[in-house]
Amino acid sequence: MKRALIFGSTGGIGQAIAKQLAADGWSLYLHYDHNESAAQKLQKKFSQKFPKQDFFTLKLSFLDSMKDIKDILATIFPVNALIFAQGITDYNFLKDQDFATIDKIMQVNLVVPIKIVSFLENMLLKYDHSRIIFLGSVYGKQASALESVYSASKGGLSAFSKGYAREVASSHLTVNVLAPGAVDTPMNNIFDQDTLDEVKSEIPAGRLAQGSDVAYWVKTLLSEKADYLTGQTIYIDGGWLV
Ligand SMILES: NC(=O)c1ccc[n+]([C@@H]2O[C@H](COP(=O)([O-])OP(=O)(O)OC[C@H]3O[C@@H](n4cnc5c(N)ncnc54)[C@H](OP(=O)(O)O)[C@@H]3O)[C@@H](O)[C@H]2O)c1
């Protein structure tokens, strides 16, 4: 079976993943929060290009109540891959972040993804080669000033994956984290061009990553032959930080 649910399919990285998987024969749930038009555009484009596959859009906010999230997820057709490419950050000193912002970052990046995995585990365990992939970050390992809460959420994903992977490894369900460095997406619109150029100059590969650099590893982890790699965090940073 090749059916995946991509959370955050409307983001810079999520769109690249969706494009790669659609081309590889996957049927997809294209999740979005606010960007309905991007999700619909993807669905329309893929449905025309790959008429034998199914493409559905799925709206939900990870800030909704868990009851609402479960009610929506209870209605989906079975999938054997979950890709968590949603995420938020806030670039600020901790003392300048209100508690609501801290809660939101942890909810969207870490807590709700874990609860969704718990809720959908039974579905994933029914299939021979099921996959969970989280988008982590190099900051989950190295951490960053002004993004300490974000770093904590990403480090949490790596620790969770390592432990949970052991719980489900015998069922051919693998759980891994792809942890990029700096990727050229709207998430980095908070930085001006000079700052981005400075970051670029620090990356040995000489450029920011593109979404496709991450999508390649999603494709690879989804391969049936990748059953034996689990609990890992793979850093995709052009030699930058890790
Ligand atoms: N860009 C980087 O440099 C970089 C580096 C390392 C790791 N990452 C990680 O990679 C992932 C994707 O990043 P990106 O650069 O593609 O980000 P992005 O372009 O800003 O996209 C963010 C995605 O998250 C969704 N989202 C936002 N708030 C949400 C909420 N409350 N509930 C559910 N979904 C929500 C957005 O949906 P809508 O647009 O529909 O609202 C969008 O699809 C994130 O986990 C990020 O932390 C990014």
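Of everything in region 142-156 that's more than 9 Å from the ligand (Cβ to nearest atom) and within 18 Å of T230 (Cα to Cα), which residue is surrounded by the most Cβ atoms within 10 Å (Cβ to Cβ)? Talk me through it step by step, then tell me what you get.
The first filter runs over region 142-156 and keeps only residues more than 9 Å from the ligand (Cβ to nearest atom), leaving 142-149, 151-152, 155-156.
Those left that are additionally within 18 Å of T230 (Cα to Cα): 155-156.
Numbers: G155: 21, G156: 19.
Only one residue tops the list, namely G155.
Identify, from the list I76, I69, I88, the residue that is among the β-branched types (V, I, T) and touching a Phe, Trp or Tyr at 6+ places or on another chain (Cβ under 7 Å).
On the way: I69 fails: touching a Phe, Trp or Tyr at 6+ places or on another chain (Cβ under 7 Å); I88 fails: touching a Phe, Trp or Tyr at 6+ places or on another chain (Cβ under 7 Å).
Being among the β-branched types (V, I, T) and touching a Phe, Trp or Tyr at 6+ places or on another chain (Cβ under 7 Å) holds for just one of I76, I69, I88, which is I76.
With a cut-off of at least 3 residues that are of a type in the set (A, V, I, L, M, F, W, C) and closer than 25 Å to V177 by Cβ, name the strands (runs of 3 or more DSSP E) lying wholly within region 3-102.
Numbers: elements: 3-7, 27-32, 55-59, 81-84.
Because the criterion is at least 3 residues that are of a type in the set (A, V, I, L, M, F, W, C) and closer than 25 Å to V177 by Cβ, the strands (runs of 3 or more DSSP E) in region 3-102 that meet it are 3-7, 81-84.
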Note to self: I'd like the full set of residues that are in contact with a Leu (Cβ under 8 Å, 6 or more places away or on another chain), among the hydrophobic types (A, V, I, L, M, F, W, C) and away from the ligand (no atom under 15 Å from the Cβ), limited to region 57-91.
What the structure shows: I76, V79, A81
Next item on the list: Please work out which residue is surrounded by the fewest Cβ atoms within 10 Å (Cβ to Cβ), limiting yourself to region 92-141 and to residues that are within 14 Å of the ligand (Cβ to nearest atom) and either modelled with pLDDT under 95 or of a type in the set (K, R) (or both).
Entry: K115
Checklist line | Which listed residue is touching an Asp or Glu at 6+ places or on another chain (Cβ under 8 Å) and either at pLDDT below 95 or surrounded by fewer than 19 Cβ atoms within 10 Å (Cβ to Cβ) (or both), from K44, K59, K52 | finding: K59
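The values are calculated or read from the model by the stated rules, or taken from the named source; none is laboratory data. Quick caveat: nothing in here was measured; it's all calculated off a predicted structure. So basically every Cβ, Gly included, is an ideal-geometry build from the backbone, and we count neighbours across all protein chains shown.
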